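Note sheet for the following structure.
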Amino acid sequence: MRLISKSTLRLTAMALAVAPVALDAAVAVSPDDPVRWQPVTLTFEGPQTSEGASPNPFLDYRMSVSFLHQQSGESRTAQGFFAADGNAAETSAEAGNRWRVRFTPPLAGTWVWRAEFRSGSGIAISEAAGTPEAFDGESGTLSVGPATPGAPGFASKGFLTPAGEHYLRFSNGDRFLKGGADSPENFLGYFEFDGTVDTAAHGGVSTDRGAFLHRFEPHARDWKAGDPTWQGNKGRNIIGALNYLASKGMNSVYFMTYNLDGGDGKDTWIWTGPEVRDRIDVSKLAQWEIVFSHMERLGIMMHLVIQETENDENLGGGPDLNDVRKLYLRELAARFSHHLAMVWNLGEENDTPHADRLDIAGYIRQMDPNRHVITVHTHNTRSLRTYTSLIGSSLFTATSIQGRMEDTNRETVALRMRSAASGSPWAIFHDEQTPASAGVVPDADDPMHDKPRKHALWGNLMGGGSGVEWYFGYQYDHMDLNCEDWRSRDTMWNQTRHALEFFQKHLLFWEMWPANDLTDDRNAYVFAKEGETYAAYIPEAGRTRITLAPGEYSLHWYDPRNGGDLQADRKGTVTAGEMLMRDDGKVEIAPPSHPGMDWVALLRKLPAKPQGRR
């Protein structure tokens, strides 16, 4: 951590010809040598206060820092927040004089920053000018180096954002395909976070211990030396759980930040108590940040769900939103939107009125300087209705579908086509599988997971979707609210990884389009760049006919159950069009082994052979 002296700040301000500034405090910048795509923390000394003080440090002060990139002119404004003593994750402090902002530089080079810090009744959620306080107007520069080659997780890729196509894209150009955990939705209801208790009996599904909080004890063995903890050894189990999920190749976790007021888990909130709505638990959220930062190092996207169907109107809405909701969203954005890969979800099984959805999404966009993806989760089988009014909006760029596994491919294709027709292509994610009582059951109850693999996983990806998260239902062990061991679905993680690897290694999937009409098998899915590449997922493979553009094609097979390398077909190649008696382009293919099981055929056009002289 580097302390910038008052004299250095004065010289910087003079050199940049900025307005005179008040320099009443030092600014700590960490790390000393910032680099692109890794967060920089600026910590200021401001008013001494506490979580329960008056004026309210969360509502009656407004802090932000504006950053300007000298070389390109790009600018971003990050919201700041009260950080108690600056080390609250370790000390559980409720009081202090530290005020903080986190900024993740999207570009290397020189960034000029300038702080705003104002006071006034309710100013945090208003546009009033307010009264300048403490470090208001202070400024400086950051010299940001290039991204670190081979940095862990997303730090080598950059921000994950919409890219005007059907796949989200990282700053380095990599496309994102999702595989991850939708359960447990109350992932943050963890026993070693400050101020975290079970306020009810989980709707009748708590354990025989009575009150339930996650402990993730089966994942204690997955924690590794050098991994983060807080307050000694706290956090090992939840960090270990994330390590395990990453080891299976998964890259997303769905979690709620508010499940009170009738919600299912009743154990997760950002405030100092379950009845409080205007005071933030600083140490709890600092401990969340430790976990979120570890997710980022592992390459796991944060799927942040702000509410659920039982409480989606309890924080208020209406014209210009509601003050409680504004403060809630502002604090989430200030403390967490610096992360590289994050999705804002407006709510599970969301019933918020359409106008309020637009207002909420608009406010998130205003608070979040990094333009992370915004979506909303649907009720079962309502995805086509839910998204009809949102497709085309500049605020929404992805789905979060709950639906029947058998409908996944149809819904994916339909929503992909609708969003394309609007001129605003969406990424189509499938995030909850019904029936709600079962979802994806443990390996012990379904060793092969044929239905989720065939319909939900491959149905989404072959329909031009961007991937899935797996929901665990409420009828089986390790279910949606009390899952303690992600190994309970070990086979499903493996099969998900196999599917993602096939797409990432063997397809230019962003150039392809769903084309099920090219096969005679009504149950098969085809994904194609016609005339070049065809992938056909055949749920019960036998002799299958597929229509190809004229030419010669290599034919390989992929085992979606076990993964591995491509297997060359016995014939090696197939020829369509000109070599057939019937010039309809149809070729017949058959799997290399295990007929009746699911297989993926990959056909790639070969260069035309040179014509001999006549």
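The values are calculated or read from the model by the stated rules, or taken from the named source; none is laboratory data. Small disclaimer: the values here were computed from a predicted structure and weren't measured. Glycine gets a Cβ as well: all are built from the backbone with ideal geometry, and neighbour counts include every protein chain shown. Please note that ligands, DNA and RNA were not included when accessible areas were found on the heavy atoms of the full protein model with its side chains. Shrake-Rupley method; radii C 1.70, N 1.55, O 1.52, S 1.80 Å.
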Enter the Cα centre distance for the pair region 220-251 and region 123-202, rounded to the nearest angstrom. 19
Cα point-scatterer Debye curve for the chain, base-10 log of I(q)/I(0) at q = 0.08, 0.10 Å⁻¹: -0.60, -0.89
Note to self: C-alpha centroids of region 39-89 and region 263-287 sit apart, in Å, by 20
Spatial extent of region 252-363: Rg and Dmax, with the Cα atoms as the point set, Å: 13.6, 40
Got a sec to turn the phi values of region 438-453 into Karplus ³J(HN,Hα) couplings, 6.51 cos²θ - 1.76 cosθ + 1.60 with θ = phi - 60°, whole Hz, x for Gly and Pro? 10, x, 9, 7, x, 4, 4, 9, 8, x, 10, 6, 4, 5, x, 5
Excluding ligands, DNA and RNA, the carbon-plus-sulfur percentage of the accessible area of the chain with a 1.4 Å probe reads 48
What does the highest-first list of 296-309, 597-610 look like by mean Cβ count within 10 Å? 296-309, 597-610
Cross-link partners among aspartates and glutamates for K505, C-alpha distance below 20 Å, same-chain residues fewer than 8 apart left out? E165, D174, E530, E532, D559, D565, D569, D598
Can you tell me what the convex hull of the Cα atoms of region 435-587 projects to on average, as an area in nm²? 9.8
Order by protection proxy (mean Cβ within 10 Å, highest first), peptides 39-48, 122-131: 39-48, 122-131
With the cut-off at 20 Å, tell me which of the pairs K529/K605; K224/K248; K178/K266 have Cα atoms farther apart than that. K178/K266
R0 of 60 Å, Cβ-Cβ distance D445-A129: FRET efficiency to nearest 0.05: 0.45
Which value, in Å², gives the accessible area per residue of region 175-330 when a 1.4 Å probe is used on the protein heavy atoms? 30
Quick one: length gained pulling R365 to S50 fully straight, 0.36 nm per residue minus the C-alpha distance? 110.5 nm
With every protein chain kept in place and a 1.4 Å probe, region 373-487 has an accessible area per residue in Å² of 30
Over region 187-298, what is the mean sequence separation of C-alpha contacts under 8 Å (at least six apart), divided by residue count, expressed as relative contact order in percent? 30
Rel. contact order, % - alpha carbon contacts under 8 angstrom, at least six apart, the chain: 11
Aspartates and glutamates with Cα under 17 Å of K234, excluding same-chain neighbours fewer than 8 positions away: E90, E192, D194, E217, D222, E289, E484
